[in-house]
């Protein structure tokens, strides 16, 4: 089987890469290890930018809810902070199944081919040039450009020779629930707490009776991880205490999200990575939908250019990487990754939950929004240093002690 581009993985990055590449007239093949496109996990909380990338309107059937506020709250003390629409802008909850079907249907109508139950084993090389993908042990797709959109443990990445930090990962579960008691369906919640650990629990209502409930946790050390209750138990406890006696789980999914920022290099001769495999995720809120859609669409445009030029050399594929690294989203990813890296090191020898409690009880919504977005202004930075100097000092000392123990 031959194609212009072969894509491993049907997450948001892989799907939009296939949809856009086929829209440009390229012969695209997408390999997905699951049996159906809707089996692949996709995040759902997005802003207007994601809707523009998907080319859908806010009233599309792919949008299941719109949020007026996002609240950060402690499960232990109730300390909280709210970011309303004035600061937040528009936030939407996607219906992941409908979005996945929309992108796959668009791609196939443009001539793209989807191969399911196709687990990528390795890239195929001729000399130093990647020329395709081997899957299911004995099947091969050859292509001018091979795209690794196959997640945090990408086989395309590892067999093509890319390196990236694997220690800073967030592990998570997500439940979809029905028959719940939702008091405010237009507010999304992020929770911290002792049982949650280094990470957060989230509640994204779909309606007054349906919601997404999930948890993401970063291991700061083996001892800290083992001391925490299992993540599914934390979710079950929240259901019992907050969502009513009739709440029931209708779907369970999970995944691993990289938190260390962009990997050092994600293009080579005949190969490029996008999505989680390239570290294109904003680590503070685990936001990967918009960043992955953006990366996949950008890569498809470069795939068109490379195909027209018949040039898939390393010096030509790297133009995608260079353009991506200059974008605002890439800048935000790197900023939030540096913050997550420092917090994770601090948490090895200190109590991050106490720090989170202080932030929730004293930080204002505007500042929190800037921190989450990774765009802290000079004035905000000075305010943080003044108002939170003891915390910053503790964070700094904890970071120095952690470096001394585990090395840079």
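Neighbour counts of other Cβ atoms within 10 Å put 341, 225, 202 in the fewest-to-most order 225, 341, 202.
Applying 0.36 nm per residue to the separation of residue 76 and residue 232 and subtracting their alpha-carbon distance, the gain on full extension is 54.4 nm. Maximal additional length on extending the residue 97-residue 35 stretch stands at 20.9 nm, based on 0.36 nm per residue less the C-alpha distance. If the segment from residue 323 to residue 240 were pulled out straight at 0.36 nm per residue, it would be longer than the present Cα-Cα gap by 25.1 nm. If you take the square roots of the eigenvalues of the alpha-carbon gyration tensor of region 52-133 and sort them as a ≥ b ≥ c, do you get rounded (a/c under 1.5), prolate (a/b over b/c) or oblate? Note, shape of region 52-133 comes out prolate. As a rough footprinting exposure proxy, the listed residues 116, 312 were ranked by other beta carbons within 10 Å of their own, and the order from fewest upward is 116, 312. The residues 317, 38, when put in order of fewest to most other Cβ atoms within 10 Å, stand as 38, 317.
Every read-out reported here was derived from the displayed coordinates using simple, explicitly stated rules and does not represent laboratory data. Keep in mind that what you see is a predicted model, and the values were worked out from it rather than measured. For neighbour counting, all protein chains shown are included, and Cβ atoms are generated from backbone atoms with ideal geometry for every residue, glycine included.
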